[in-house]
Amino acid sequence: MDSPITSIKGIGEKTATLFHRVGVHTVGELLSYYPRAYDIYEEPVTFANLKTEQVQAVTGFLRKTPNVTKGRRYAVTTAVLEEFGEYLHLTWFNMPFLKKTLSPGNTYIFRGRVQKKKGRLVMEQPEIYTPEVYGEKLNTMQPIYGLTAGLSNKTVSKAVKQALGTLTLNPEFLPESIRMEQQLAESNFALRTIHFPVKWEDMLLARKRLVFDEFFLFILSLRQIKESSEVRKNECPMKPVKETKQLLQALPYELTGAQKKVFGELQADLCAERVMSRLIQGDVGSGKTVVALLALVQAVYNGYQGALMAPTEVLARQHGQSIREMLEEAGLSVGVAVLTGSMSAKEKRLAYEEIESGRAGIVVGTHALIQEPVHFYRLGLVVTDEQHRFGVRQRETLAEKGLVPHVLVMSATPIPRTLAIILYGDLDISVLDELPANRLPIKNCVVDESYRPTAYRFMEKEIAAGRQAYVICAMVEDNPDLELENVVDYTEKLKSAMSASIHIEYLHGKMKAKEKNEIMERFAKGGIQVLVSTTVVEVGVNVPNATVMMVENAERFGLAQLHQLRGRVGRGKHQSYCIFVSGNDRPDTKKRLDILNQSNDGFYIAREDLKLRGPGDLFGIRQSGLLEFKIGDVFTDAVILQAASEEAAKLTKRDPALLEKENQELKKRLVSYQMAGTKGFSL
Ligand code: ADP
Ligand code: MG
């Protein structure tokens, strides 16, 4: 399981690099790269029975050679099928060779999503089969994997098949009693079946088992951490200090009641007998950063160092910047060191030095900060922003370095308290349930593509008034298979559609960290007026002067993710606007997006989203990456989560150290799970 994927026959260095891009390095990781969905090859339907917006197959007799026209960007191949007076138009992009492969007089099976365009039934990019080949696929379930440019579904599927075929799989690791009680399938059956189910029911069984495993191992390691932290006494005791008041007085605003209350709780923790483990939950824009800074200042003036860790480099730099500013405003001279992956070796060395010598009182970095070869001078507090799964384990990593600092985790993901208690059982929870008073509620609208020109005019007006805007696209580069907007082309389009004096730039995850930082910093300073971006700006970015968030292909995103994106505006005193552009007019899309229209409250949105998706929705659009399990979904699989939590409790009561014979395999599995959880975070 731990061997690199290149050990699989047929995977060379080149393919391996593609796999690395989707986070798959080892055979084990490949096997837990579960399908996103399945393709079910159903009987072809008659044209009269075609339903729009569904993937279906038809049997088509080709009368004429397909027609190829060269467009500006792609060659378009078209063919028209006829059946009892009904017509179906087929189109393919960039596949002019079809003209030679598809011969008139032959019958093929075409399979794809049917759309209605200008009154015609159209199938775009249909798959093509001979009736014989389709016959073999009929009624089977084929896995669909998450892909990246260059990595095809076929490659992944073949690699998985190869790995499953040659691997001596692991022995069952769940105790018999738990499997019986919860009616769980055997673990290797589950692993095989999730990739290649023979029928739907088997897939459900497999999925249930894997979801259970994922939650169970997570909760079990949490409980172990909790046991050990409960007895941990506060080795970094603190006292209230006057400098926090000084900071408060220098702020241009007053703290909300909720911020005051939560800082009070932090203060009590830092001064208490036991070491602090606390989660602050607060919707986007509720003002978590300043609360964290107050705690960091308290640590510094008690003679400790404080560290703040963010999920992205962009965010880390931004935190560093705003913390420096706030400290300066308050006349507090605290050294702030920023440590990120794109810094040069020399810059890093300087930062290490400042940290080691204690000249830096506050250290800001990405989550890998604590794994860096950093020697802290006197680390007393670690704050983790916008990332929870890591938060629960980082204490162990630190403990290995001989450090027992206070731990504070901050999150905007709206999970209900009952779920939070299960998931973050080792943390006390504080809630920031109040937005700053100067905020005007964000105005939302859901529109179709025809609304674009109006939206652009609107943005120009906001920009003329000194504001800034984001436009979010689903993809980085052009991919003719998918009609999704991509940031690179979109930026060009936007430049020609908007007044030339407006400065437009793009930002995406594949850019070099340095470029990303540079663009983000220029945007923050107002040097860029429109930022066209992928969801890299989703988490935490704070540019209060930005008032318009326009999301293209909004149907492609989870509601929680859209809510996060929306949270990038409405962060200052100006009225802000969110424009969700839907790329299709399916009723379910409209219903989902309407939820965002109705409310700006993250909890409400999560609840309504769940109602709409329902527990039957197995592979719904992924929620924001913040609460990501590989296969389980804390909302729709809440019942399994509860069961896993109960079983974990029973087991730890009976056999806390997992010493009994029947728990040996489980113990092994738990150790490797914990190992996997702490590695792989790179700067
Ligand atoms: P989040 O909780 O999403 O991390 P931030 O901490 O980034 O939110 O705060 C968002 C914005 O609100 C920042 O510009 C911050 O300066 C401002 N802010 C924070 N607290 C208050 C407050 N009590 N009153 C007014 N503005 C505030
Ligand atoms: Mg934040």
Among the candidates L251, L296, L279, L217, residue that is more than 15 Å from ligand 1 (Cβ to nearest atom) and open to solvent by less than 60 Å² (accessible area, probe 1.4 Å): L217
Taking the condition of being at pLDDT 90 or above, more than 30 Å from Q642 (Cα to Cα) and outside any loop (DSSP other than H, G, I, E, B), how many residues in the range 211-254 meet it? 9
Between residues in the range 346-368 that are touching a residue at least 12 places away in the same chain (Cβ under 8 Å) and farther than 17 Å from R317 by Cα and residues that are open to solvent by 10 Å² or more (accessible area, probe 1.4 Å) and part of a helix (DSSP H, G or I), which pairs lie under 9 Å by C-beta distance while being six or more apart or on different chains? R359/E353
Spans of strands (runs of 3 or more DSSP E) in the range 57-130 with at least 2 residues open to solvent by less than 20 Å² (accessible area, probe 1.4 Å): 75-83, 86-93, 107-117, 120-124
Quick check on this structure: which one of E265, E273, E313 is within 30 Å of K512 (Cβ to Cβ), away from ligand 2 (no atom under 14 Å from the Cβ) and open to solvent by 10 Å² or more (accessible area, probe 1.4 Å)? E313
Just give me the residues in the range 518-567 being open to solvent by 20 Å² or more (accessible area, probe 1.4 Å), over 20 Å from the mean Cα position of the chain (by Cα) and away from ligand 2 (no atom under 16 Å from the Cβ), in sequence order. E518, E521, R522, K525, G526, G527, Q529, N545
Selection count where residues are modelled with pLDDT under 80 and among the polar types (S, T, N, Q), scope the range 402-430: 2
From the list G306, G335, G285, exactly one residue is buried (at least 22 other Cβ atoms within 10 Å of the Cβ) and more than 14 Å from ligand 1 (Cβ to nearest atom). Which is it? G306
Being assigned to a loop (DSSP other than H, G, I, E, B) and small (G, A, S) is the filter here, so list the residues in the range 564-603 that pass it. G567, G570, G572, S576, G583, S599
Quick check: anything in the range 626-640 farther than 20 Å from M203 by Cα, more than 23 Å from the chain's Cα centre (by Cα), open to solvent by less than 80 Å² (accessible area, probe 1.4 Å) and modelled with pLDDT under 85? no
Go through the range 4-51 residue by residue and tally those that are open to solvent by 50 Å² or more (accessible area, probe 1.4 Å) and part of a loop (DSSP other than H, G, I, E, B). 8
Across the range 322-332, which residue is surrounded by the fewest Cβ atoms within 10 Å (Cβ to Cβ) among those that are in contact (Cβ under 8 Å) with a residue 40 or more places away in the chain and within 31 Å of the chain's Cα centre (by Cα)? S322
For L435, indicate whether it is within 16 Å of ligand 2 (Cβ to nearest atom), at pLDDT 70 or above, under 20 Å from V541 (Cα atoms) and touching a Lys or Arg at 6+ places or on another chain (Cβ under 7 Å). no
I'd like to know if the range 295-313 contains one or more residues that are over 29 Å from A437 (Cβ atoms) and free of Cβ contacts under 8 Å to residues at least 40 places away in the same chain. no
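The values are calculated or read from the model by the stated rules, or taken from the named source; none is laboratory data. None of these values were measured; they are calculated from a predicted model. In this analysis, Cβ positions are derived from the backbone assuming ideal geometry, glycine residues included, and neighbour counts consider all displayed protein chains. Side chains included, ligands, DNA and RNA excluded: accessible areas come from the protein's heavy atoms. Shrake-Rupley method; radii C 1.70, N 1.55, O 1.52, S 1.80 Å.
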